[in-house]
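The values are calculated or read from the model by the stated rules, or taken from the named source; none is laboratory data. What you see is a predicted model; the values in this text were computed from it and never measured. So basically every Cβ, Gly included, is an ideal-geometry build from the backbone, and we count neighbours across all protein chains shown. The protein model used for the area step is the full one, side chains on, heavy atoms only, and it has no ligands, DNA or RNA in it. Shrake-Rupley method; radii C 1.70, N 1.55, O 1.52, S 1.80 Å.
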Amino acid sequence: MPLVTSKEMFKKAYEGGYAIGAFNVNNLEIIQGITEAAAEVRAPLILQVSAGARKYAKHVYLMKLIEAAEIDTGLPICVHLDHGEDFEICKSCIDGGFTSVMIDGSKHSFEENVRLTLEVVKYAHDRGVVVEGELGKLAGIEDAINVSAEDASFTRPEEVEEFVSRTGVDSLAIAIGTSHGAYKFKPGQKPRLRFDILEEVSKRLPNFPIVLHGASSVVPEFVEIINANGGEMPDAIGIPEEMLREAARGAVCKINIDSDLRLGMTAGIREHMKKNPSHFDPRQYLAPGRANIKSLVKNKLINVLGCDGKAE
Ligand code: G3H
Ligand code: 13P
Ligand code: ZN
């Protein structure tokens, strides 16, 4: 099966009350860990690439690795640009074979966000590529952009219909209290998401796929392993799995996960190196990182997203 867009995936996910996992990829081991897990449970996948990932690994390497994963597993895989910040990067990814792009105009005014998103949608749709837009600002760190909690803002439901109808986007990322990175809530703070906003948005946009960024649960076992093996991570709190399950049952069709993959990889490497300080063959310490990613992703696909068995 060639690489696919997320159109069919989202339609089925919306109707079936589950979500597709969108996992950030940066190298061979991350791609293998994710796709081996998905192949074992027959789950459709979105593999997403940030501007930082393209800079680190180069577009062509990631593209070829993802194509290899598709050949190896036979799964429906959508390759997506995560947080495209301007028309140029979206164009470059579309021209370079991606089947989906995100244009993240959330830092701009509503009017500028509409203008920019529409420009990308026109280019993408002419070439059979789908587009994710964003309304509302998430806190946290993505690439060089650090949005402070004060600058973050929830999505305003009264804006979503106009944004979607004027731009023609295929899916919409909204801000309901998730954030990027490993420190989503302050120590002692109870995780809370604005499900009322999600509900209002989905009423205004019937049958329309909603995207949740910043959705790592910040798996406590991995943080413990990192800290037991020389790491120094302060208290890290993520999104409880039950909240993600609730979102997936509703209009949320795409759930973005990166930080949990980073924690799994780091925990595997740290644990291995602490036990085997003389090892210097990268395969010896990358393999446990890859294995952690595989077990993490398998758990997400089955127990959080509910998309196991949905690849046809
Ligand atoms: O939303 C951001 C993702 O976690 C990607 O992070 O820009 O550091 O690759 P990155
Ligand atoms: P996390 O940092 O919670 O994994 O979010 C990743 C993300 O939203 C990528 O776009
Ligand atoms: Zn994001």
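Values computed for the structure shown
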item: Average accessible surface area per residue within the chain, 1.4 Å rolling probe, Å²; result: 44 Å²
item: CD proxy at 222 nm, helix term only [per DSSP H run n ≥ 4: -39500 (n - 2.57); per residue of the chain; nearest 500]; result: -14500 deg cm²/dmol
item: Nearest 10 degrees, 0 to 90: helix 7-16 Cα axis against the chain principal axis; result: 90 degrees
item: Of LYS107/LYS137; LYS7/LYS184; LYS275/LYS298; LYS58/LYS91; LYS274/LYS300, those spanning more than 18 Å from alpha-carbon to alpha-carbon; result: LYS7/LYS184; LYS275/LYS298; LYS274/LYS300
item: Net dipole in debye of the chain [+1 Lys, Arg Cβ; -1 Asp, Glu Cβ; about Cα centre; nearest 20]; result: 580 debye
item: Selected from HIS83, ALA248, ASN292, residue furthest toward positive end of dipole (the chain; charges at beta carbon); result: ASN292
item: Efficiency of FRET from Cβ geometry, ARG127 and ARG283, R₀ 35 Å, rounded to 0.05; result: 0.35
item: LYS274-GLU161 pseudo-label distance in nm [points 7 Å out on the Cα-to-Cβ vector]; result: 5.5 nm
item: Positive dipole terminus of the chain, leading residue within VAL4, VAL114, ILE210 (C-beta point charges); result: VAL4
item: 5 angstrom amide H check on HIS83, placed H, neighbours 5+ away; result: MET102
item: Signed unit charges on C-beta, dipole axis of the chain, positive-most listed residue ALA139, GLY188, THR35; result: THR35
item: Antiparallel %, DSSP beta bridges [both residues in the chain], to 5; result: 10 percent
item: Table column - 3J(HN,Hα) (Hz), segment 305-312, Karplus curve with 6.51, -1.76, 1.60, x for Gly and Pro; result: 8, x, 9, 5, x, 9, 7, 10
item: All aspartates and glutamates inside 17 Å of LYS310 as judged from Cα atoms, apart from same-chain residues fewer than 8 positions distant; result: GLU8, GLU15, GLU36, GLU40, GLU70
item: Fraction of accessible area attributable to carbon and sulfur, the chain (%, probe 1.4 Å); result: 53 percent
